[in-house]
Amino acid sequence: MSPKPQPRRSELDDDELANASPVTFRSAPAQTPTPANVDDAPPARRAATKTTASKPKVSFYQDADDSARARAALRATRDTEGERSWSQFIDDAVMREVERLERKYNGGKPWPPTPTGVLRPGRRAGE
(Lines give C-alpha, C1' and ligand atoms only; values in the text may rest on other atoms or scores of the structure.)
Protein backbone atom coordinates (compact mmCIF):
# COMPACT_ATOMS: atom_id res chain seq x y z
CA MET A 1 0.00 0.00 0.00
CA SER A 2 1.49 3.36 -1.00
CA PRO A 3 1.62 6.26 1.49
CA LYS A 4 -0.88 9.09 1.17
CA PRO A 5 0.58 11.92 -0.97
CA GLN A 6 1.37 15.16 0.86
CA PRO A 7 -0.54 18.31 -0.18
CA ARG A 8 1.45 20.75 -2.27
CA ARG A 9 2.43 24.07 -0.69
CA SER A 10 1.92 27.31 -2.57
CA GLU A 11 4.98 29.24 -3.65
CA LEU A 12 3.27 32.41 -2.38
CA ASP A 13 4.11 33.67 1.08
CA ASP A 14 1.46 33.80 3.84
CA ASP A 15 0.78 37.54 3.35
CA GLU A 16 0.01 37.02 -0.33
CA LEU A 17 -2.25 34.06 0.47
CA ALA A 18 -4.10 35.97 3.19
CA ASN A 19 -5.05 38.73 0.72
CA ALA A 20 -5.55 36.55 -2.36
CA SER A 21 -8.83 36.42 -4.20
CA PRO A 22 -9.62 33.49 -6.50
CA VAL A 23 -11.16 35.98 -8.92
CA THR A 24 -8.62 38.81 -9.16
CA PHE A 25 -5.63 37.40 -7.23
CA ARG A 26 -4.54 40.88 -6.25
CA SER A 27 -3.66 41.98 -2.74
CA ALA A 28 -6.32 43.91 -0.88
CA PRO A 29 -5.33 47.50 -0.01
CA ALA A 30 -3.79 47.81 3.43
CA GLN A 31 -5.92 49.77 5.88
CA THR A 32 -4.62 51.24 9.09
CA PRO A 33 -7.32 51.48 11.76
CA THR A 34 -8.20 54.95 12.89
CA PRO A 35 -9.57 55.81 16.32
CA ALA A 36 -13.08 55.81 14.82
CA ASN A 37 -12.86 52.21 13.63
CA VAL A 38 -10.29 50.59 15.90
CA ASP A 39 -12.84 47.98 17.06
CA ASP A 40 -13.44 47.05 13.41
CA ALA A 41 -9.75 46.34 12.81
CA PRO A 42 -8.89 42.72 12.03
CA PRO A 43 -7.40 40.87 14.97
CA ALA A 44 -3.65 40.63 15.22
CA ARG A 45 -2.54 37.58 13.24
CA ARG A 46 -1.46 34.68 15.34
CA ALA A 47 1.89 33.01 14.73
CA ALA A 48 2.26 31.61 11.22
CA THR A 49 3.42 28.33 12.74
CA LYS A 50 -0.12 27.39 13.80
CA THR A 51 -1.64 24.89 11.43
CA THR A 52 -5.13 23.50 11.01
CA ALA A 53 -3.89 20.35 12.73
CA SER A 54 -3.01 22.38 15.85
CA LYS A 55 -6.45 24.01 15.98
CA PRO A 56 -9.14 21.97 17.71
CA LYS A 57 -12.70 22.24 16.47
CA VAL A 58 -14.89 24.63 18.47
CA SER A 59 -18.67 24.69 18.26
CA PHE A 60 -21.43 26.80 19.75
CA TYR A 61 -25.16 27.34 19.59
CA GLN A 62 -26.50 30.23 17.51
CA ASP A 63 -29.93 31.32 16.36
CA ALA A 64 -30.60 30.09 12.81
CA ASP A 65 -31.41 33.61 11.57
CA ASP A 66 -28.14 34.95 13.02
CA SER A 67 -26.19 32.13 11.34
CA ALA A 68 -27.85 32.84 8.00
CA ARG A 69 -27.09 36.55 8.37
CA ALA A 70 -23.42 35.84 9.18
CA ARG A 71 -23.08 33.48 6.19
CA ALA A 72 -24.62 36.17 3.96
CA ALA A 73 -22.14 38.75 5.26
CA LEU A 74 -19.20 36.44 4.54
CA ARG A 75 -20.49 35.55 1.09
CA ALA A 76 -21.12 39.19 0.15
CA THR A 77 -17.74 40.47 1.35
CA ARG A 78 -15.26 37.61 1.10
CA ASP A 79 -13.51 39.01 -1.99
CA THR A 80 -13.15 42.55 -0.63
CA GLU A 81 -12.42 41.61 2.99
CA GLY A 82 -10.05 38.76 2.21
CA GLU A 83 -11.85 36.10 4.24
CA ARG A 84 -10.91 32.65 2.98
CA SER A 85 -13.29 30.42 4.88
CA TRP A 86 -16.15 30.25 7.36
CA SER A 87 -13.66 29.17 10.06
CA GLN A 88 -11.42 32.17 9.44
CA PHE A 89 -14.45 34.50 9.45
CA ILE A 90 -15.64 33.16 12.83
CA ASP A 91 -12.11 33.07 14.30
CA ASP A 92 -11.45 36.69 13.27
CA ALA A 93 -14.79 37.83 14.74
CA VAL A 94 -14.19 36.05 18.05
CA MET A 95 -10.62 37.34 18.33
CA ARG A 96 -11.76 40.94 17.61
CA GLU A 97 -14.13 40.62 20.59
CA VAL A 98 -11.44 39.01 22.77
CA GLU A 99 -9.02 41.84 21.98
CA ARG A 100 -11.73 44.45 22.70
CA LEU A 101 -12.41 42.87 26.11
CA GLU A 102 -8.68 42.67 26.86
CA ARG A 103 -8.30 46.38 26.06
CA LYS A 104 -11.33 47.31 28.16
CA TYR A 105 -10.80 45.10 31.21
CA ASN A 106 -7.18 43.91 31.25
CA GLY A 107 -5.02 46.80 30.08
CA GLY A 108 -4.78 45.31 26.58
CA LYS A 109 -2.93 42.24 27.85
CA PRO A 110 -4.10 38.65 27.29
CA TRP A 111 -5.52 36.82 30.30
CA PRO A 112 -3.88 33.55 31.32
CA PRO A 113 -5.26 30.69 29.19
CA THR A 114 -8.29 28.80 30.46
CA PRO A 115 -8.19 25.06 29.67
CA THR A 116 -11.04 23.30 27.95
CA GLY A 117 -13.70 21.81 30.21
CA VAL A 118 -13.67 24.72 32.69
CA LEU A 119 -16.53 26.72 31.15
CA ARG A 120 -20.05 25.36 31.39
CA PRO A 121 -20.99 23.85 28.00
CA GLY A 122 -24.31 24.36 26.25
CA ARG A 123 -27.12 26.80 26.77
CA ARG A 124 -28.36 28.16 30.07
CA ALA A 125 -31.56 26.63 31.38
CA GLY A 126 -34.59 28.30 29.87
CA GLU A 127 -32.91 29.53 26.68
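Tabulated data
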item	result
Among residues of the range 94-119, those that are loosely packed, with under 12 Cβ neighbours inside 10 Å, under 18 Å from Pro56 (Cβ atoms) and not β-branched (Val, Ile, Thr), counted	4
Tally of residues being within 16 Å of Lys55 (Cα to Cα) and hydrophobic (A, V, I, L, M, F, W, C) across the range 94-121	2
Contacts under 6 angstrom Cβ, first residue in the range 75-92 being under 21 Å from Tyr61 (Cα atoms), partner assigned to a helix (DSSP H, G or I) and modelled with pLDDT of 90 or more, 6 or more apart	Phe89/Leu74
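Okay, residues lined up against (1) outside any loop (DSSP other than H, G, I, E, B); (2) touching a Phe, Trp or Tyr at 6+ places or on another chain (Cβ under 9 Å); (3) surrounded by 14 or more Cβ atoms within 10 Å (Cβ to Cβ); (4) among the polar types (S, T, N, Q):
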site	(1), (2), (3), (4)
Arg78	yes, yes, yes, no
Glu83	no, yes, yes, no
Gln88	yes, no, yes, yes
Asp92	yes, no, yes, no
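The values are calculated or read from the model by the stated rules, or taken from the named source; none is laboratory data. No experiment lies behind these values; they were computed from the predicted model shown. Heads up, the Cβs are rebuilt from the backbone with ideal geometry, glycines too, and the neighbour counts pull from every protein chain shown.
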